[in-house]
């Protein structure tokens, strides 16, 4: 499971919806950054988090922390917060932590390297089997400097934990997509055999089309910004 902490500005007032036969309170929000990241906040009704979210209005700044995943398109973030409190304009928080397996080969740019990272998650029941559905979120991870080297050298299928900042980029068709700029990556071995085979083998990867991301250009920045002022 991925977790994240953000400061966001509510782009809409919270509304009640039914998702997977559950009543939830939803609101859309954006990170206060030059290239905003859109985040869907979803809280189960009847909880203290939902009550707090329901007291907010469009334009409010809040700190949210909780489990996070990509939607079925792979282009948008959904967060289920377990913390929600007021934020201030001079604060900045954008931190995500993902555990998954590296897939594919590194894609080089002038100052960075990009890889895909497969994270399995479970939710809802499969009517045909009665078991929890397994979905795979494909995250795009970019590393600069020392992190670039680590990302380049890590074998395909390596189990890694990644900490970083979520950003919005655009593909060759000028369409936005989500990417994680690494702050830190830790590799983990599984027993004596080390990394497992390709994590995408014999699975259905949700919302990831490699051809859609070919030909993107590198940023001019050398590393992560310390602030967005």
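The values are calculated or read from the model by the stated rules, or taken from the named source; none is laboratory data. Quick caveat, the model's predicted, so the values are computed rather than measured. Methodologically, a virtual Cβ is constructed for each residue, glycine included, from the backbone with ideal geometry; neighbour enumeration extends over all protein chains shown.
Residue-by-condition table, conditions (1) within 21 Å of residue 71 (Cα to Cα); (2) touching a strand residue (DSSP E or B) at 6+ places or on another chain (Cβ under 6 Å); (3) outside the structural domain of residue 68 (by TED's automatic domain parsing); (4) buried (at least 21 other Cβ atoms within 10 Å of the Cβ):
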{"position": "119", "(1), (2), (3), (4)": "yes, yes, yes, no"}
{"position": "127", "(1), (2), (3), (4)": "yes, no, yes, no"}
{"position": "133", "(1), (2), (3), (4)": "yes, yes, yes, no"}
{"position": "142", "(1), (2), (3), (4)": "yes, yes, yes, yes"}
{"position": "148", "(1), (2), (3), (4)": "no, yes, yes, no"}
{"position": "158", "(1), (2), (3), (4)": "no, yes, yes, yes"}
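Given the criterion modelled with pLDDT of 95 or more and under 15 Å from the mean Cα position of the chain (by Cα), identify the matching residue among 76, 69, 97.
Exactly one residue qualifies, and that residue is 97.
Among the residues of the stretch 148-157, which ones are more than 15 Å from residue 179 (Cα to Cα) and in a helix (DSSP H, G or I)?
Step one: list which residues in the stretch 148-157 are more than 15 Å from residue 179 (Cα to Cα), which gives 149-150, 152-157.
Across the stretch 148-157, the qualifying residues are 149, 150, 152, 153.
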